[in-house]
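Everything on this sheet refers to the single structure shown next.
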Amino acid sequence: MNKPEFLGKKSKAAGGWGALKSCGKKLLASGSPLTGAAAMLKANQPDGFDCPGCAWGDPEHGSSFEFCENGVKAVAWEATDKRARPDFFSRHTVSELRNWSDYDLEREGRLTHPMRYDAESDTYRATTWDEAFAEIGAVLNSLDSPNRAEFYTSGRASNEAAYVYQLFVRLYGTNNFPDCSNMCHEASGVALDQAIGIGKGTVVLEDFEKADAIFVIGQNPGTNHPRMLGDLRRAAMRGARVAVFNPVREKGLERFADPQDKLEMLTGGSTAIASEYYQVRLGGDMAAVRGMAKAVFAADDAAIAAGEPSVLDRNFLEQHTSGFELYRASVNATSWDDIVDQSGLSRAELEGLAEIYIKSERSICTWAMGVTQHRHSVATIREISNFMFLRGNVGRPGTGLCPVRGHSNVQGDRTVGINEKPSNAFLDSLEKEFGVRMPRRHGHNVLAAIGAMIDGSSQAFIGLGGNFARATPDSPLIAKALKNQKLTVNIATKLNHSHLLPGEVSYVLPCLGRTEIDRNAKGVAQIVTVEDSMSMVHGSGGINKPASPELRSEVAIICGIAAATVGSEVVDWAALSQNYDLVRDLIARTIPGFHGYNEKVRRPRGFRLYNAVEHRVWNTRSHKATFSTDRLPTETEHQKALGEDGLFVLQTFRSHDQYNTTVYGLDDRYRGIYGERQVVFVNPSDLAEIGAVSGDRVNIVGRHDDGIARVAENFRVVAYDLPRGSVAGYYPELNVLVPLSTAGEESDTPTSKSVLVSFELAQQAQAA
Ligand code: SF4
């Protein structure tokens with residue numbers, strides 16, 4: 001069999017010369033390599049801008065090069081010299097552009113003018129900001145209820161943009177805030193709130209310097225949080241155990257060559273990251289953690305029986321937790337057979353991991369989408385919390401729970417009010433500050449918003465960044481829902497598919513990027529703020545000249561729409577858009593933890609928001625760290641797939657040339673894929689069951705029994721090291737297979753990591 005040309009060399013290690021070469025390529029492709037390179041020296045620097053990539057933290061005493069390969073891609077992609085001007089839109093109808101790939105659309109470059117959709121010519125036409133604001137306000141006010149409008153937020157929006165957005169929307173009269181975290185770490189927020197009393201992680205970067213063991217679950221930092229590899233490498237080099245649970249062998253978790261390490265770069269060397277790497281089954285993390293807990297309890301019984309000290313942190317358990325005995329009983333009631341079958345790991349492997357945990361004085365657990373995008377994700381994260389309580393690994397240095405967020409400010413957006421279920425305390429403080437009643441009825445998250453847009457009860461969609469149509473599941477249904485709208489508005493830096501599903505009235509409004517200088521009418525450069533996964537809030541000030549004089553900041557655009565929709569009697573939107581210190585003053589007066597915001601955010605590296613767990617204060621119902629007693633799922637999709645011929649469980653993930661739905665290129669060099677995205681990774685031993693060989697083309701058929709036919713056509717099979725019965729491929733292309741009707745319990749997060757599918761050979765399908 002000839003090796004298809006797209007299958008190229010896999011990198012030996014993440015980072016290294018490959019990363020530098022890739023950075024160089026992206027900067028050159030941006031057409032402004034010098035601007036891009038200069039910008040990188042200001043990325044994640046106290047007097048610079050916050051990388052518009054992920055939400056990994058910035059070290060207290062960072063180096064001059066506080067960025068990674070994917071940070072360079074994000075900046076080069078934004079700082080491109082290419083422009084999608086009005087003449088481009090006049091040459092291409094929306095129907096034609098809908099057939100372009102995500103990559104080709106964004107590669108056209110930065111939007112330059114506010115654009116209004118002209119249905120007659122099926123094209124977007126340049127318009128003015130005033131016309132746009134006026135018509136958007138008019139359509140919103142023409143709806144018979146504010147609850148007929150959906151206000152989506154992408155996690156790239158700054159605290160200031162998110163705060164004025166929530167204020168405008170609540171003054172408009174609704175809590176309909178579908179946001180991107182509904183599709184990523186919602187399960188983390190729900191579970192941690194119940195277990196420790198705050199829906200955020202408890203770890204700071206310095207804890208990685210003290211931990212003896214770091215459990216990395218369902219996460220691929222090499223692509224999604226690359227600077228985390230630096231922290232894991234330093235931990236591994238000082239002897240800490242890094243235990244990985246991931247169905248896929250991800251290069252970054254195997255070996256990392258730190259581009260800032262001269263010796264490794266000169267010798268072509270690299271450092272082993274994972275000391276233990278287990279390819280757990282999809283959705284098997286809960287069983288794996290339950291297995292480790294079971295082994296810890298067995299070790300404790302043995303220690304007690306031998307008259308040795310308990311291996312548990314009895315003081316912590318007695319003083320700080322509730323429900324310990326109930327949890328112990330539920331662990332005892334869980335059989336090793338169920339644990340082994342669901343996790344795909346052997347009892348001995350889990351006992352070995354428990355030993356690492358017991359021998360470690362300080363342990364951290366980190367996780368991402370591999371944990372949060374299943375039906376039972378909330379229960380899995382509660383189980384991770386249970387496990388960490390056993391040896392008091394929360395609320396002390398070198399320990400903790402660390403959901404690693406995707407978007408650079410997804411955590412900040414929730415903190416400043418992007419929440420369809422706002423607390424009464426927050427609404428009370430807004431009412432006190434603004435003297436008007438706020439809507440109390442809980443609103444729509446992403447799933448509820450989609451349902452309302454499909455059944456027609458919602459008639460307007462406003463998108464603050466993002467690519468809603470491509471980030472969400474069941475793509476054909478979303479396309480129909482968006483085109484159903486009376487109004488669609490997208491605030492964006494570049495053209496994407498969501499813009500090409502216009503409602504009756506549709507606007508694409510171009511905003512400044514994170515790297516660009518945001519000057520007010522007096523020429524004063526303004527800063528915005530973001531909050532990373534470690535609850536650190538810091539300032540970000542652009543340094544590049546805006547891509548077009550027509551661009552406006554997200555804050556200014558929202559203030560323009562707000563003034564046209566709800567008027568300026570209650571809030572002086574113009575003043576807020578001219579001076580973000582005023583926005584921060586409002587945040588400081590209405591949200592706990594932001595006192596002295598404007599002063600604190602101008603300190604190098606900003607400040608950390610108060611986290612009660614750091615003081616072992618638990619804002620839970622029991623005022624204790626709370627054990628839960630969830631049962632393992634009766635059957636995961638992976639177990640179901642293993643039990644039926646021809647049935648497989650699919651996980652969608654990112655390539656290394658991608659950030660969320662933004663596709664920077666068609667390579668995935670850590671997995672040996674070049675120039676192609678229509679690929680599906682299959683265990684070599686499963687190829688026979690599909691009746692295919694590596695390189696064959698297949699159609700992937702959705703097998704969720706809700707009566708909706710789902711198929712992803714013409715994907716190339718790639719033999720890859722995955723657990724039997726599981727397959728993997730890229731989103732957004734494969735979101736067409738993710739059913740809207742399967743969502744995480746308590747989180748409503750699409751189950752993109754456990755989608756039931758089967759295969760048919762593309763030729764056979766064509767012949768049929
Ligand atoms: S780790 Fe994340 S935030 Fe840091 S430079 Fe890379 S993409 Fe940007």
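Observations
- Residue that is open to solvent by less than 20 Å² (accessible area, probe 1.4 Å), without any contact (Cβ under 8 Å) to a residue 40 or more places away in the chain and away from the ligand (no atom under 16 Å from the Cβ), where the choices are Val248, Val244: Val244
- Here Val530 does not qualify as in contact (Cβ under 8 Å) with a residue 24 or more places away in the chain, touching a Leu at 6+ places or on another chain (Cβ under 7 Å) and not hydroxyl-bearing (Ser, Thr, Tyr).
- Among the candidates Val693, Val717, residue that is among the aliphatic types (A, V, I, L, M), in the same structural domain as Leu642 (by TED's automatic domain parsing) and not in a strand (DSSP E or B): Val693
- Filtered residue count, the range 672-685, keeping only those that are surrounded by 24 or more Cβ atoms within 10 Å (Cβ to Cβ) and not in a strand (DSSP E or B): 1
- Given (1) closer than 27 Å to Arg382 by Cα; (2) touching a residue at least 60 places away in the same chain (Cβ under 8 Å); (3) away from the ligand (no atom under 16 Å from the Cβ), number of the condition Glu254 does not satisfy: (1)
- Residue in the range 193-201 that is more than 30 Å from Ile591 (Cα to Cα) and either of a type outside the set (A, V, I, L, M) or within 16 Å of the ligand (Cβ to nearest atom) (or both) present: no
- Within the range 686-724, being more than 26 Å from Ser343 (Cβ to Cβ), in contact (Cβ under 8 Å) with a residue 12 or more places away in the chain and open to solvent by 20 Å² or more (accessible area, probe 1.4 Å) holds for Gly691, Val693, Asp696, Arg697, Val701, Asp706, Ile708, Val711, Glu713, Asn714, Arg716.
- Listed by first and then second residue, the pairs with beta-carbon distance under 9 Å, at least 6 apart or on different chains, first residue in the range 67-96 and closer than 10 Å to Thr123 by Cβ and touching a residue at least 24 places away in the same chain (Cβ under 8 Å), second surrounded by fewer than 24 Cβ atoms within 10 Å (Cβ to Cβ) and of a type in the set (S, T, N, Q), are Pro86/Thr112; Phe89/Thr123; Ser90/Ser121; Ser90/Thr123; His92/Thr123; Thr93/Ser121; Thr93/Thr123; Val94/Thr123.
- Some residue of the range 471-494 being open to solvent by less than 30 Å² (accessible area, probe 1.4 Å) and on the phi > 0 side of the Ramachandran plot: yes
- Test for Leu312: is it within 16 Å of the ligand (Cβ to nearest atom), of a type in the set (A, V, I, L, M) and open to solvent by less than 30 Å² (accessible area, probe 1.4 Å): no
- Residue selection: Asp285 fails the criterion of being open to solvent by 60 Å² or more (accessible area, probe 1.4 Å) and under 22 Å from Ser335 (Cα atoms).
- Identity of the residue in the range 48-88, among the aromatic types (Phe, Trp, Tyr) and within 11 Å of the ligand (Cβ to nearest atom), that ends up most open to solvent (accessible area, probe 1.4 Å): Phe65
- The set of residues in the range 551-598 being in a loop (DSSP other than H, G, I, E, B) and at negative phi consists of Leu551, Ser553, Ser568, Glu569, Val570, Val571, Asp572, Asn579, Ile591, Pro592, Phe594, His595.
- Tally, over the range 111-137, of residues that are open to solvent by 40 Å² or more (accessible area, probe 1.4 Å) and among the aliphatic types (A, V, I, L, M): 3
- Taken over the range 492-551, residues that are more than 26 Å from the chain's Cα centre (by Cα), among the polar types (S, T, N, Q) and within 30 Å of Ala481 (Cβ to Cβ) amount to 1.
- All conditions in (1) open to solvent by 10 Å² or more (accessible area, probe 1.4 Å); (2) modelled with pLDDT under 95 hold for Ala762, with the sole exception of (1).
- Counting only helices (runs of 4 or more DSSP H) that sit completely within the range 312-383, those holding 3 or more residues that are without any contact (Cβ under 8 Å) to a residue 40 or more places away in the chain correspond to 314-320, 324-332.
- Hits in the range 409-452 (condition: open to solvent by 20 Å² or more (accessible area, probe 1.4 Å), within 18 Å of the chain's Cα centre (by Cα) and among the aliphatic types (A, V, I, L, M)): Leu447
- Top-ranked residue of the range 511-533 - restricted to ones that are within 16 Å of the ligand (Cβ to nearest atom), out of contact with any helix residue (DSSP H, G or I) (no Cβ under 6 Å at 6 or more places or on another chain) and not small (Gly, Ala, Ser), ranked as least open to solvent (accessible area, probe 1.4 Å): Asp532
- Failed criterion for Ala547 (all others in (1) surrounded by fewer than 24 Cβ atoms within 10 Å (Cβ to Cβ); (2) in contact (Cβ under 8 Å) with a residue 60 or more places away in the chain; (3) touching a Lys or Arg at 6+ places or on another chain (Cβ under 7 Å) hold): (1)
- Some residue of the range 389-412 being out of contact with any strand residue (DSSP E or B) (no Cβ under 9 Å at 6 or more places or on another chain), among the aliphatic types (A, V, I, L, M) and closer than 30 Å to Ile358 by Cβ: yes
The values are calculated or read from the model by the stated rules, or taken from the named source; none is laboratory data. Model, not experiment: these values are computed from the prediction. All Cβ positions, glycine included, derive from the backbone under ideal geometry; neighbour counts span all protein chains shown. In case anyone asks, the SASA skips ligands and DNA or RNA and just uses the protein heavy atoms, side chains included. Shrake-Rupley method; radii C 1.70, N 1.55, O 1.52, S 1.80 Å.
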